[in-house]
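The structure appears below as structure tokens.
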Amino acid sequence: MTEVRLQKVLAASGIASRRKCETLMSEGRVEVDGAVITQLGAKVDPEVAVIRVDGKRLPVAESKVYLVANKPRGVVSSMADEEGRRDLRSLLEGRTERLFHVGRLDTDTDGLIVLTNDGEFAHRLAHPSFELQKTYVAQVQGVVKPRVRRQLLDGVTLEDGPVAVDAFRVVSTESGKSLVELVIHEGRNRIVRRLLADVGHPVLALSRTAIGPIRLGDLRSGRVRDLTADELGTLLDAVGL
């Protein structure tokens, strides 16, 4: 196995968040193969290194996978679609892990979705109590007036209750259509589409571009990448792991 930063190994083993693990190292409380390690850039092979925290042997961490996928429009948010439609497994050619997705994206919505084999991480990431912000870009019908932004920030009452966005901006307007970006921590079914339709601007195309600190960036449609150490560390902190 390739070597991994020691604080990431510690965090993945459930000792504490990555930030707290860095503090443990700085305080001289972490040993690798009998030597105290305080250097935050130190790397280890978690399958062979003998790691101790406060003198206690750290169990070998199970192999956990944390991925970001850019789901194309038309792909079902399922690992095995019973109707035979193209699903998320089609994006994972060559991977043998048993993965599952965190949350969902509508079939007609593209963009960022997280895949993992870490059940507790997935449960917390999807749980509304942690209120992770999600960023969407939508092309909508009509020219969006300034009052719409205030309306969305103040809150709109839908059939299943009130909802408000955390941020909203108009990116561009052309030929009777607008490109807008909104940040929301709600996870209700088709919430962005219903919200924008309610304020008079039905969605023509929708993409999720970020969840918390994770951003699609230049990840191409249909491609998958590993979360970076910084992304994973920030998320572990955000969900209390």
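The values are calculated or read from the model by the stated rules, or taken from the named source; none is laboratory data. Quantities reported herein were computed from a predicted structural model and do not represent experimental measurements. Cβ placement follows ideal geometry from the backbone for every residue including glycine, while neighbour counts extend to all protein chains displayed. These accessible areas exclude ligands, DNA and RNA; they are computed on the full protein's heavy atoms, side chains included. Shrake-Rupley method; radii C 1.70, N 1.55, O 1.52, S 1.80 Å.
Observations
- When the Cα positions of V163, V44, T2 are compared along the charge dipole of the chain, V163 comes out farthest toward the positive end, with charges on each C-beta of Lys, Arg, Asp and Glu.
- Taking Kirkwood radius over Cα pairs in Å as calculated from this structure, the corresponding entry among [x] 17.7; [y] 19.9; [z] 18.6 is [y].
- Of the trypsin sites (Lys or Arg not before Pro) found in segment 1-107, those that fall in a DSSP loop while having at most 16 other beta-carbon atoms within 10 Å are R29, K64, R73, R85, R86, R95, R98, R104.
- Once the chain from A126 to R89 is taken as fully extended at 0.36 nm per residue, the excess over their C-alpha distance is 11.3 nm.
- Rounded FRET efficiency, nearest 0.05, which uses the C-beta distance separating R52 from R150 and R0 of 41 Å: 0.15
- The apolar share of the surface of segment 78-226, taken as the fraction of accessible area on carbon and sulfur atoms (1.4 Å probe, ligands and nucleic acids excluded), comes to 45 percent.
- Pairwise centroid distance, computed over Cα atoms, of segment 95-155 with segment 167-241, Å: 6
- ³J(HN,Hα) computed for each position of segment 151-163 - Karplus, 6.51 cos²θ - 1.76 cosθ + 1.60, integer Hz, glycine/proline x: 4, 6, 5, 6, x, 10, 9, 9, 5, 10, x, x, 8
- Net lengthening on full extension, N189/E27 (0.36 nm per residue, minus Cα-Cα): 53.7 nm
- Under 5 Å, built H, 5+ apart or other chain: amide partners of L158: V163
- Inter-label distance, K20 to D108: 4.5 nm, where each label sits 7 Å from its Cα along the C-beta direction.
- Pairs spanning more than 21 Å between alpha-carbon atoms, out of K8/K56; K8/K134; K43/K71; K8/K71: K8/K134; K43/K71; K8/K71.
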